[in-house]
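Please treat every number below as a calculation from the coordinates, not as lab data. The shown structure was predicted, so the numbers you read here are calculated from the model rather than taken from an experiment. Don't worry about glycine lacking a Cβ; one is built from the backbone with ideal geometry, like all the others, and counts go over all protein chains shown.
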Amino acid sequence: MTSSSFFPPQRTLMGPGPSDVPARVLAALSRPTIGHLDPLFVSLMDDIKSLLQYAFQSDNALTLPVSAPGSAGMEACFVNLLSPGDTVIVCSNGVFGGRMIENVKRCGANAVVVEDEWGKPVSVDKVAAAFERHPEANLLAFVHAETSTGVYSDVAALCALAKQHNALSIVDTVTSLGGMELRVDAWGADALYSGTQKCLSCVPGISPVTFSPAAVERIKQRKHPVQSWFLDMQLVMGYWGGESKRAYHHTAPVNALYALHESLLMLKEEGLEAAWARHQLNHQALVAGLEAMGLEMAVDAAHRLPQLNSVRIPEGVDDAAVRSALLNEFDLEIGAGLGALAGKTWRIGLMGHSSSARHVLICLAALESVLHDQGAKIRTGLAQAAAKAIYAKG
Ligand SMILES: *Cc1c(COP(=O)(O)O)cnc(C)c1O
């Protein structure tokens, strides 16, 4: 086999991530590489940190991008806050809650699992009952925006409950950061991780994290060394940490951080609340169009994520055939159902740069065409007008 350069097609990304990366971010990625301890790079790191604090709505000093994907941010939170023998209340209502349980076990801690049905939010009452049964629990972990189902849970209420029981909280905000209301300090959350490829519309492979002063205190008080050398925040702090000299820990992904900086700058320019409102509006337009076609949403309106729309696959429709037709005919990617929802739902992402009227209208047109070709019983000719009516109202 002879190898040659790889030229990917220009897809439209409307799955569960990555989302479309704006040209401005890709351009930043291709700027000259400089040393990761270059004074100019160090000042860029400071700016990234303050832009991340803005995105998280937090003054947390320990806020930085972990040089690895969202899953590494998840692991960073667990390995730094947990010691063997700790008891953790972990909420599971989809794929990512399940991964949290796995992290807890691998830290040698005891997982008290609070289960909720896939497609439903985490039950605050069940978590309260779990704290009553396990007063020794010193951590609560849950997912803000469950990308596997399209549901969000109540961060403020769950973090308040953790505080009431002297426990810290770990919150997965991989899909929520930049796409829906998230106020880390006001809501009293302790350790949060996110990803760059969802509502930040940056390239994949970096995980912003933030730790509250209480979480930092627990890290400093640890007796048992963090099981991961790479993710040990005491060591990473030496490189990213504020005042003192930066010490070499690992080589930061310099160009990927140019890209992250640019995408965070775009978020700041738009304004966080304006970005949240944009995600909401495009979500409403998409839902109006899908329902006009006769499709049904899989999640109750009260708990739907604006950036990840779970749609029921109509009876008799070939899931994989529809998705490959969308990809082959329209260069459009949507997501398949995961786990318990495989074959039952599609997941249409409206994340970051992929949350626009253009994306909504293209997706509705393409889906209508493909479903019509497949002989699905849908109503044609109504979806565009239904979506546009939402935009007309604003
Ligand atoms: C995507 C995602 C992750 C994992 O992020 P990776 O960058 O794929 O490692 C974790 N949690 C949630 C909720 C996600 O949507």
Can you give me the angle between helix 319-330 and the longest principal axis of the chain, using Cα atoms only, in degrees from 0 to 90, rounded to the nearest 10? 80
Once the in-chain neighbours fewer than 8 apart are removed, the aspartates and glutamates whose Cα is under 18 Å from Lys377 read Glu291, Glu296, Glu315, Asp318, Asp319, Glu368
Assuming R0 = 45 Å, what is the FRET efficiency of Arg133 and Glu291, from their Cβ-Cβ distance, to the nearest 0.05? 0.60
Report the paramagnetic label zone for Gln221: residues of region 68-86 whose backbone N is under 15 Å from a point 7 Å from Cα along the Cα-to-Cβ axis. 81-84, 86
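When a/c reaches 1.5 or more, the comparison of a/b and b/c decides; with that in mind, is the chain rounded, prolate or oblate per its Cα gyration tensor?
Values: a/c = 1.94, a/b = 1.33, b/c = 1.46.
It comes out oblate by the Cα gyration axes.
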Give me the distance between the Cα centres of region 21-75 and region 87-117, rounded to whole Å. 29
So what's the Cα pair-distance distribution over region 333-390, bin width 5 Å, in %? 4, 16, 22, 24, 21, 11, 2
Using 0.36 nm per residue, how much length does the chain from Glu102 to Ser228 gain when fully extended, once their Cα-Cα distance is taken away? 43.8 nm
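Suppose every Lys and Arg Cβ carries +1 and every Asp and Glu Cβ carries -1, with no other charges. What dipole size does the chain come out with about its Cα centre, to the nearest 20 debye? Provide the component values of the computation, followed by the final result.
Values: 31 positive and 38 negative charges, 62 e Å.
Roughly 300 debye for the chain.
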Just want the answer: with Cβ charges of +1 for Lys and Arg and -1 for Asp and Glu, which residue in Leu231, Ala111, Val122 is farthest toward the dipole's positive end in the chain? Leu231
Label-point separation, Ser43 to Leu327 (7 Å along Cα→Cβ), nm: 4.5
Sort 10-20, 174-184 for me by packing, meaning the mean count of neighbouring Cβ atoms within 10 Å per residue, highest on top. 174-184, 10-20
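What is the local net charge at Leu13, summed over the other residues whose Cβ is closer than 10 Å to its Cβ (Lys, Arg +1; Asp, Glu -1)?
Local charge sum for Leu13: -2.
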Taking only the alpha-carbon positions of region 272-393 and ignoring solvent, what does the Debye formula give for the base-10 log of I(q)/I(0) at q = 0.15, 0.18, 0.20 Å⁻¹? -0.62, -0.92, -1.15
From the backbone phi of region 76-90, what are the Karplus-calculated ³J(HN,Hα) couplings (6.51 cos²θ - 1.76 cosθ + 1.60, θ = phi - 60°) in whole Hz, Gly and Pro given as x? 4, 5, 5, 5, 7, 9, 9, 10, x, x, 5, 10, 10, 8, 10
Quick one: angle between helix 272-292 and the longest Cα principal axis of the chain, in degrees between 0 and 90, rounded to 10, please. 30
Can you give the angle from 0 to 90° between the axis of helix 39-56 and the longest principal axis of the chain, with both taken from C-alpha atoms, to the nearest 10? 70
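Do any of Lys120/Lys198; Lys105/Lys198; Lys163/Lys393; Lys49/Lys388; Lys163/Lys223 go past 30 Å between their Cα atoms, and which? Before the final figure, lay out the partial values.
Working: Lys120/Lys198 21 Å; Lys105/Lys198 27 Å; Lys163/Lys393 41 Å; Lys49/Lys388 39 Å; Lys163/Lys223 23 Å.
Over 30 Å Cα-Cα: Lys163/Lys393; Lys49/Lys388.
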Label Val124 and Ser4 with points 7 Å out from Cα along Cα→Cβ: what is the distance between them in nm? 6.0
